[in-house]
Structure formats: structure tokens, C-alpha cells
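The values are calculated or read from the model by the stated rules, or taken from the named source; none is laboratory data. Only a predicted model underlies this, so the values are computations on that prediction, with no experimental measurement involved. Every residue, glycine as well, gets a Cβ built from its backbone with ideal geometry; the counts of neighbours run over all protein chains shown.
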Amino acid sequence: MDWQQIISFALIAIVIEVSPGPNFALITKSVARGGQAEALSNISGFAIAFLMHGTLSIFGVAALLAASPGLLMTMQIAGALYLLYLGVQSFTIKKLPLSAVEPVAKNYGLVVKNDSSKKVVKLSMSAYCKGFTNGLLTNCLNPKISLFYYAVFPQMTAHSQHVVLTSFVLIVVHILANAIWFSVVAIALDRLLETEGSDKYTQMLSRGSGVVLISFSLFFAAGVARAI
């Protein structure tokens, strides 16, 4: 296995993940709503989406999708609508008084510490599944990730003697780059919300992420409109 190939791919993956996009906006929204716990459930969804895209690329299904403009356009429309839904949802998040946090948190499947901080420390299975699904669908329907795995990824493995093995190693590299970066982002944002004035920061992060998600939704929709 060519280590230079792996390092080159890792650098590309890092650039893709660090650049602003729907994933960053989703993580921001999740931290504002459910803290690190919900953001980590998003990250696990990202990983499965990358594995799905990579597997389709390895076994040639990606080429069939690329040859079907109608199917790709349908995926883009679905992605734009889903990001729009997540963006609008971000504006419904409100910081509640401490006396109201615990009962409302239980309705959303969140578990809080029994102290004055009322900080979310873990998610119930239903809330975890929701965060996981948001992460999964955001990347399954993200044209940037689709293009990466359907156009760039095959070129990185075309000259390898062990294409399948090399491909899965590169997928793992991408998953690790994504997980490390967004874990750091989630922890940093969560610490920010622990500071004084966290109510203000929570609303700013939530609404800011909503604007970004809606903007990407409109951007993807514009791409579909130009292709028609």
C-alpha cells in the first residue's frame, strides 16, 4: 500500500472537512440543542454515510448513478429540501429557564445532570437515533460528498494493486479526519456555551447555523435549476 497515496488522500479529506459546509452547520445546531452528546450522534451518522458512498464507488454503482442525470437531480432536490428543513428547525430552538429545562429535555429524549448547570450529559436511544439520522441523511444527500466519492475517489485508487483494500483504508482515513475535526468543533462550541451569557450564544449559534443550512439549501437548489 502506497503511504504517499494515503497521505495525499488524507490532506484532501482534511481540506474538505475543514471547509465550511452543511456538516459544520449541523454540528453547530446540535451543540446548541443537545450539547456534545447530540453532535457525536451526528458524527456517527457522517461515518456511515461515507462508508455507504465509498462502497458504492468501489463496486461501480457510483458510475451507474453518475450516468443517470434524473436520479442525481432527484438526490440534489431531496438534499436541498432536507437542508431547508434542518435550517428552519434551527429557528425553533429556544433557551428555556432552568425550572423548565428538565421536563422539556425528557420530552426530547435528553438526560440532564441533577445540578444547577442543567447540562445535557447523554442522549436516550430515540434522541441518539434522531441525531444519527440527521448526520446520515445530510451526507447521503450532500452533492459535495457525492461528487467527491463518485469523481475524485476512484482516481485515487485506480492504480492500486489491491483496489478494494486500499479503498476501504481511504474511507477509514476520511472517517477519522471527519470525526477528529468535528469532535474538536463540538467540544469547543460546548465549552463556549458554558461561559456566562450562554443563553445569548445558544441563540446565536442556533440561528446562525439555520441561516447557513438554508443558504446551502438554496445553493443546491440553484444548481438543480441551472441543470434543467
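Quick notes
- Test: residue in segment 158-172 that is within 18 Å of the chain's Cα centre (by Cα), closer than 20 Å to Phe24 by Cβ and modelled with pLDDT of 75 or more: no
- Hits in segment 149-180 - residues which are among the hydrophobic types (A, V, I, L, M, F, W, C) and under 10 Å from Gly54 (Cβ atoms): Phe153, Phe168, Leu170, Ile171, Val172, Ile175
- When residues in segment 7-50 are screened for being of a type in the set (Gly, Ala, Ser), closer than 21 Å to Phe168 by Cβ and buried (at least 18 other Cβ atoms within 10 Å of the Cβ), 4 of them pass.
Residues checked against (1) touching a residue at least 12 places away in the same chain (Cβ under 8 Å); (2) of a type in the set (Gly, Ala, Ser):
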{"residue": "Ser19", "(1), (2)": "no, yes"}
{"residue": "Thr28", "(1), (2)": "yes, no"}
{"residue": "Val31", "(1), (2)": "yes, no"}
{"residue": "Ser41", "(1), (2)": "yes, yes"}
{"residue": "Ser44", "(1), (2)": "yes, yes"}
{"residue": "Phe50", "(1), (2)": "yes, no"}
{"residue": "His53", "(1), (2)": "yes, no"}
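- Within segment 12-50, restricting attention to residues that are of a type in the set (Ser, Thr, Tyr) and in a helix (DSSP H, G or I), the residue that is nearest to Met125 (Cα to Cα) is Ser41.
- Residues in segment 188-223 that are modelled with pLDDT under 70, β-branched (Val, Ile, Thr) and surrounded by fewer than 17 Cβ atoms within 10 Å (Cβ to Cβ): Thr195 only.
- Test for Val185: is it modelled with pLDDT under 70, surrounded by fewer than 21 Cβ atoms within 10 Å (Cβ to Cβ) and in a helix (DSSP H, G or I): no
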